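Shown below is the structure under consideration.
What follows is calculated from the coordinates using simple rules that are stated; it is not laboratory data. In this text, all values refer to a predicted model and were calculated from it rather than measured experimentally. Neighbour counts run over all protein chains shown; Cβ positions are idealised from the backbone, glycine included.
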Amino acid sequence: MFDQINGLPVHVLVLHAAVVFVPLLAVGAVVYALIPRWRPKTGWALVLLAIAAPASAFIAKASGTELYNRLLGQGLSGPGKEILDDHMSFGTRTAWFSLALAVVSLVMVALTWRRGGTRLPLVGELGGAVVLIVLAAFAGYYVFQTGDSGANAVWGTY
């Protein structure tokens, strides 16, 4: 299912969705955490990004695994395999951190939505903001590392 479409690896076709949606989710989560007055107007976008980002990351991960397995079957070994192993490790972390960020984002939207988009009690505001910002930083870092290692694997700039 995630191997090829018309002879092209699915991974090449879908990875750019994760490259776009994961950073957008990270930025949206930080904005939602730090600018409460914008919450009523940005909550819907954060909800959509919280669905699209981890979905695209997991589809990219699944299609990348299919491509990797096909390359192994064609004799991939040595330094090329090591580079792709690192890339896959970063991709796995991207998928999990984007999922964690999405879940916390949805919780924050749900908690503030019931309050009309207003602020939570101070401990909730600070706790939610810290968790959102930390998860956004990790998701952003790993999507960058995944993309960089993938580009280096393809274009050979190591």
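Tally the residues that are under 14 Å from Phe58 (Cα atoms), surrounded by fewer than 21 Cβ atoms within 10 Å (Cβ to Cβ) and in contact with a Phe, Trp or Tyr (Cβ under 7 Å, 6 or more places away or on another chain), restricting the search to segment 75-116.
Total meeting the criteria: 3.
Hey, can you tell me all the residues within segment 24-39 that are surrounded by fewer than 17 Cβ atoms within 10 Å (Cβ to Cβ) and over 24 Å from Ser89 (Cβ atoms)? Quick ask: steps written out before the conclusion?
Let us first name the residues in segment 24-39 that are surrounded by fewer than 17 Cβ atoms within 10 Å (Cβ to Cβ), namely 24, 27, 31, 34-38.
Within segment 24-39, Val27, Val31, Leu34, Ile35, Pro36, Arg37, Trp38 qualify.
I'd like the full set of residues that are more than 30 Å from Arg114 (Cα to Cα), loosely packed, with under 14 Cβ neighbours inside 10 Å and in contact (Cβ under 8 Å) with a residue 12 or more places away in the chain, limited to segment 40-69.
Scanning segment 40-69 gives no hits.
Gly28: of a type outside the set (Val, Ile, Thr), in a helix (DSSP H, G or I), under 23 Å from Phe144 (Cβ atoms) and more than 12 Å from the chain's Cα centre (by Cα), yes or no? Please lay out each step first, then the result.
On the way: of a type outside the set (Val, Ile, Thr): yes; in a helix (DSSP H, G or I): yes; under 23 Å from Phe144 (Cβ atoms): yes; more than 12 Å from the chain's Cα centre (by Cα): yes.
So Gly28 passes the test.
Okay, moving on. Just checking, which of Ala100, Ala110, Ala139, Ala62 is part of a helix (DSSP H, G or I) and closer than 15 Å to His11 by Cβ?
Working: Ala100 fails: closer than 15 Å to His11 by Cβ; Ala110 fails: closer than 15 Å to His11 by Cβ; Ala139 fails: closer than 15 Å to His11 by Cβ.
Only one candidate qualifies: Ala62.
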